[in-house]
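What follows is a set of notes on a single structure, which appears directly below.
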Amino acid sequence: MKQASLLDDIMAMDVIDTHTHLVGDHLCAEDFWKIADYFWLNRELQTGGYPAEAEKLPEEKRMDAFLKAYKASRNTLMNIAFTTILKDLYGVELTDRASILEADERIRARSKEAGWAQSVADRLHVRRFAVNHPDHAAFAGMRDHALLFPRIDGWLPKLVQEVAQADNREEALEQAKMHIKKQLRGYHETGCPGIMTTLSNYEAAAHEEYAISGAASDEIMFMLLHEICAELESLGMFLQLFLGVERRWGSTAAAPVNDSLRVVRLYGLFERYSIPFELVTAAELSNLDVVQAAWNFPNVHVGGMWWYNFRASAYTQSMQYRFEALAPLKSSLIVSDARCIEWTYGKIHVVKRLLADFLDDQVAKGWIDREGALYCASEWLYGSAAKRYGLSGQEGA
């Protein structure tokens, strides 16, 4: 007799969304287009003929163009997530202009309800959300404020350039180190458990020693990363690294770049500092590299799927890597990258479906029993991040 799917159990599991762009004082979409104009959905609609600047069209032409592209791209993952949002949260199926207007009316009405954001989070048991800007963290109308991991790539590249362009590099490097200590101690004093930064292309490596006099910019960056990690270690904080997106190949479009040495160039940080590192990658071929790093170093953890990695095929492959090599407490799965609470629902719903399918297959093949599969899911969705972020023993743990 075929065993029941894990789907219902997984849909009821707690979740931590480890990276969002939610803004605490306006979490909800205010109208239909605030949901429909999400960057990732628009990219996939454009493959179905949607104009790049559709918002400039007259309203009726805009709706017609949207419907045409929506129907043409029904197979894409963001389209599926968007359809789920409209169906589950608003009870609307898009078929014509009238259905868009109906969805718009319902979205506007819901956005004015005081408890709407919390009710959306509760549907998929999303207990906490992470943000990277201090002024975004106070979540109005929610039981808990966001977890704040300050983003340092607003000031880290500036420090690198100041050192690189200084007449006296040694003095500039010392000033940069003082700035780092001041910033990180300030974050710690406000209760932040860790920080995050993106790292673009680099040729330097953390295990190398560089002389400041002739160092290139990326070599200076690694000098400062050592300083950052040393200070985080003294403060008991973690470092979340977002890797794999580069913007040097064109004037506007970003691209995932599968640099085979990207992760190993960081090994010198992983082995020198005992802080937890959480690696999040946007490049599909780096999914194995981050798992290998987590396998090699007890303080390295694999984070969620970011940017171009948010695809069913990449999720399934990455889950297989993680499942074979790592205890579940070493991996977190959810990065919604959402800009409104409704998109956290659509994207996390997709991930829970993919996770249930993957683990159902592992159980069916006899690689793990049902209890083990559910434990794995609970760690990937909540437990691993909760421990890393200092939430163990709190709500949902």
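The values are calculated or read from the model by the stated rules, or taken from the named source; none is laboratory data. What you are looking at is a predicted structure, and each value in this text was computed from that prediction instead of being measured. A quick note on method: Cβ atoms are made from the backbone with ideal geometry, for glycine too, and the neighbour counts reach across all protein chains shown. To get the accessible areas, we keep the full protein, side chains included, count just its heavy atoms, and leave off ligands, DNA and RNA. Shrake-Rupley method; radii C 1.70, N 1.55, O 1.52, S 1.80 Å.
To the nearest Å, what is the center-to-center distance of region 213-287 and region 354-384, using C-alpha atoms only?
Their Cα centres are 30 Å away from one another.
With springs only between Cα atoms under 10 Å apart, run a GNM on the chain and tell me which of D361, D31, D337 wobbles the most.
So, out of D361, D31, D337, the one fluctuating most is D361.
Solvent-accessible area per residue for the chain at a 1.4 Å probe radius, Å²?
44 Å²
Taking only Cα atoms, what is the 0 to 90° angle, nearest 10, from helix 217-235's long axis to the longest principal axis of the chain?
Taking the Cα atoms of the chain, the angle to 217-235 is about 80 degrees.
Report the net charge of residues surrounding I220, where surrounding means a beta-carbon distance below 10 angstrom and charges are Lys +1, Arg +1, Asp -1, Glu -1.
Once all neighbours under 10 Å are counted, the net charge is -2.
Within region 1-64, report the trypsin sites (Lys or Arg not before Pro) that DSSP leaves as loop and that have at most 10 other Cβ atoms within 10 Å.
K2
Using 0.36 nm per residue, how much length does the chain from K365 to K68 gain when fully extended, once their Cα-Cα distance is taken away?
102.8 nm
Given the Cα-Cα distance of N75 and R43 and 0.36 nm per residue of separation, how much length would full extension add, in nm?
Gain on extension, N75 to R43, equals 10.2 nm.
Looking at region 123-389, send over the antiparallel percent of its DSSP beta bridges, to the nearest 5.
10 percent
Which of A314, A121, A253 ends up with the largest GNM mean-square fluctuation for the chain, with Cα atoms connected below 10 Å?
Among A314, A121, A253, the largest mean-square fluctuation in the Gaussian network model of the chain belongs to A253.
Compute, for R311, the solvent-accessible surface of its heavy atoms (probe 1.4 Å) with the complete set of protein chains present, and express it in square angstrom to the nearest 10.
R311 exposes around 120 Å² with every protein chain in place.
What relative contact order, as a whole-number percentage, does region 123-389 give when Cα pairs under 8 Å and 6 or more residues apart are counted?
Rounded, it is 13 percent for region 123-389.
Just the number, please: percent antiparallel of the DSSP beta bridges in region 212-305, rounded to the nearest 5.
Percentage antiparallel, nearest 5: 20.
Taking a 1.4 Å probe, which of T18, T76 shows the most accessible area, and what order do the others take after it?
Heavy-atom accessible area, descending, gives T76, T18.
With unit charges on the beta carbons (Lys and Arg positive, Asp and Glu negative) and the dipole taken about the Cα centre of region 26-121, which residue among A72, A54, I35 sits farthest to the positive side?
A72
With 28 Å as the limit, write out which pairs from K112/K347; K61/K87; K56/K158; K34/K158 have Cα-Cα distances beyond it, or answer none.
In this structure, K56/K158; K34/K158 exceed 28 Å between Cα atoms.
Please give, to one decimal in nm, the separation of the simple spin-label points placed at T95 and A327, each 7 Å out from Cα toward the Cβ.
5.4 nm
Straight distance only, please: which aspartates and glutamates reach the Cα of K330 with their own Cα at less than 12 Å, same-chain residues fewer than 8 apart left out?
E278, E379
What does the charge add up to near G48, with Lys and Arg as +1, Asp and Glu as -1, over the other residues with Cβ less than 14 Å from its Cβ?
Around G48, the charge tally is +2.
Using a Förster distance of 35 angstrom, determine the FRET efficiency expected from the C-beta separation of I212 and N258, and round it to 0.05.
The pair I212/N258 has a calculated efficiency of 0.65.
Return one number: the angle in degrees, 0 to 90 and rounded to the nearest 10, between the long axis of the Cα atoms of helix 59-72 and the longest principal axis of the Cα atoms of the chain.
Roughly 80 degrees, rounded to the nearest 10.
Hey, with R₀ at 41 Å, roughly what FRET efficiency would S5 and K181 work out to, going by the Cβ-Cβ distance, to 0.05?
My answer for the efficiency is 0.20.
So what's the angle, to the nearest 10 degrees on a 0 to 90 scale, between helix 97-111 and the longest Cα principal axis of the chain?
On a 0 to 90 degree scale, this one is about 60.
Once the other residues with Cβ under 12 Å from the Cβ of W295 are scored (Lys, Arg +1; Asp, Glu -1), what is the net sum?
Cβ neighbours under 12 Å give a net charge of 0.
So what's the back-of-envelope 222 nm ellipticity for the chain, counting only DSSP H runs of four-plus at -39500 (n - 2.57) apiece and dividing by all residues, rounded to 500?
Computed mean residue ellipticity for the chain: -14500 deg cm²/dmol.
Between K61 and E105, what length in nm is gained on full extension when 0.36 nm per residue of separation is reduced by their alpha carbon distance?
The K61-E105 span can extend by a further 14.0 nm.
Quick one: pull the percent of accessible area on the chain belonging to carbon and sulfur, 1.4 Å probe, ligands and nucleic acids left out.
In the chain, the share of accessible area belonging to carbon and sulfur is 51 percent.
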